[in-house]
Amino acid sequence: MKVVRITQPGGPEVLAFDERPEPAPGPNDVQVRVRASALNRADLLQVRGAYPPPQDVPQDVPGLEYAGEVVAVGPRARKFQVGDRVMGLV
């Protein structure tokens, strides 16, 4: 999958496109094909090295807001189905 990653603390010039392995959803998770994302204030502070990213996420990939559609569902996930349009703040 494509990601924007933080190469070092700084301004927008430290962001670079990269490829990462596509994750699989856990038993209670859904996988979302992201169609839109944004960098909010917390993300911009994270890029500058002034805000800790959430614990269980890649530390060099900002982007707490997203919108897209569900492409895979873990076996115990019940609320969403493949094809559902979703948005979130993680």
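Protection proxy ranking, highest mean first, for peptides 12-24, 45-57, 62-74, 28-40: 62-74, 28-40, 45-57, 12-24, where packing is the per-residue count of other beta-carbon atoms within 10 Å, averaged. Rolling a 1.4 angstrom probe over the protein heavy atoms with all chains in place gives the chain an accessible area of 72 Å² per residue. In the chain, the DSSP-assigned H stretches of four residues or longer account for a calculated mean residue ellipticity at 222 nm of -2000 deg cm²/dmol, using -39500 (n - 2.57) per stretch and the full residue count as denominator.
Label point 7 Å out from ASP84 along Cα-to-Cβ: which residues of segment 22-62 have amide N under 14 Å? From segment 22-62, the list is 28-33. Near the amide H of GLU69, within less than 5 Å, lie the amide hydrogens of ARG33, ARG35, VAL86, all on another chain or at least 5 residues away, with H placed in the peptide plane.
For segment 23-33, backbone phi angles converted through the Karplus equation (6.51, -1.76, 1.60; θ = phi - 60°) give residue-by-residue couplings of x, 9, x, x, x, 9, 9, 10, 9, 10, 7 Hz, Gly and Pro being listed as x. You can think of it this way: the chain between ALA72 and GLU13 has 17.9 nm of extra reach, that is 0.36 nm per residue less the Cα-Cα gap.
Placing pseudo-labels 7 Å out from each Cα toward the beta carbon at GLN59 and VAL3 gives an inter-label distance of 1.3 nm.
For segment 50-64, 3J(HN,Hα) computed residue by residue from phi via the Karplus equation (6.51, -1.76, 1.60; θ = phi - 60°) reads 10, 8, x, x, x, 4, 7, 10, x, 6, 10, 10, x, x, 7 Hz, glycine and proline entered as x.
The values are calculated or read from the model by the stated rules, or taken from the named source; none is laboratory data. All of these numbers come straight from a predicted model, not from anything done at the bench. Counting neighbours? That spans all protein chains shown, and the Cβs are built from the backbone with ideal geometry, glycine included. Please note that ligands, DNA and RNA were not included when accessible areas were found on the heavy atoms of the full protein model with its side chains. Shrake-Rupley method; radii C 1.70, N 1.55, O 1.52, S 1.80 Å.
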